[in-house]
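Working notes, beginning with the structure itself.
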Amino acid sequence: MNSVKEEDLISKLKNVRFYGSASIKFEDVKVDEVYPVSHHVVSFKLIQIKELIGIYKEKGWALFHPCAIKLKNGKESIVIPPVLEEHDGFCT
């Protein structure tokens, strides 16, 4: 895993159609202030999160620090931290 600069991640997110004109910033958010758009999480996603938390702890990085994972084919894939959208003052 390699560290990725926040501005590089924001640049990648700006290439996503829905985020092209959005204001994007990194900030800490309390979980109880977020309203999930889905009422369930697929179990394999929970397993992935648990593995990622272990890697972050091993590296000594703050949780969800932007990073990239080297794939078997030699390419890198950026690990996107959770993305929250704010609408009418509510985070989803």
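The values are calculated or read from the model by the stated rules, or taken from the named source; none is laboratory data. Since we're looking at a predicted model, the values are computed, not measured. Every residue, glycine among them, receives a Cβ derived from its backbone with ideal geometry; neighbour counts consider all protein chains shown. Ligands, DNA and RNA are excluded from the accessible area calculation, which covers all protein heavy atoms including side chains. Shrake-Rupley method; radii C 1.70, N 1.55, O 1.52, S 1.80 Å.
Odds and ends about this structure:
- Check on L63, under 12 Å from M1 (Cα atoms) and modelled with pLDDT of 80 or more: no
- Among the candidates V16, V42, V29, the residue that is modelled with pLDDT under 80, of a type outside the set (F, W, Y) and closer than 25 Å to G89 by Cβ is uniquely V29.
- In the stretch 53-92, residue nearest to the chain's Cα centre (by Cα) [restricted to those that are aromatic (F, W, Y) and open to solvent by less than 80 Å² (accessible area, probe 1.4 Å)]: F64
- Pairs with Cβ under 9 Å, 6+ apart, first in the stretch 21-33 and in contact (Cβ under 8 Å) with a residue 12 or more places away in the chain, second open to solvent by 100 Å² or more (accessible area, probe 1.4 Å): E33/F90
- Selection count, the stretch 1-52, where residues are of a type outside the set (K, R), within 19 Å of E76 (Cα to Cα) and open to solvent by less than 100 Å² (accessible area, probe 1.4 Å): 14
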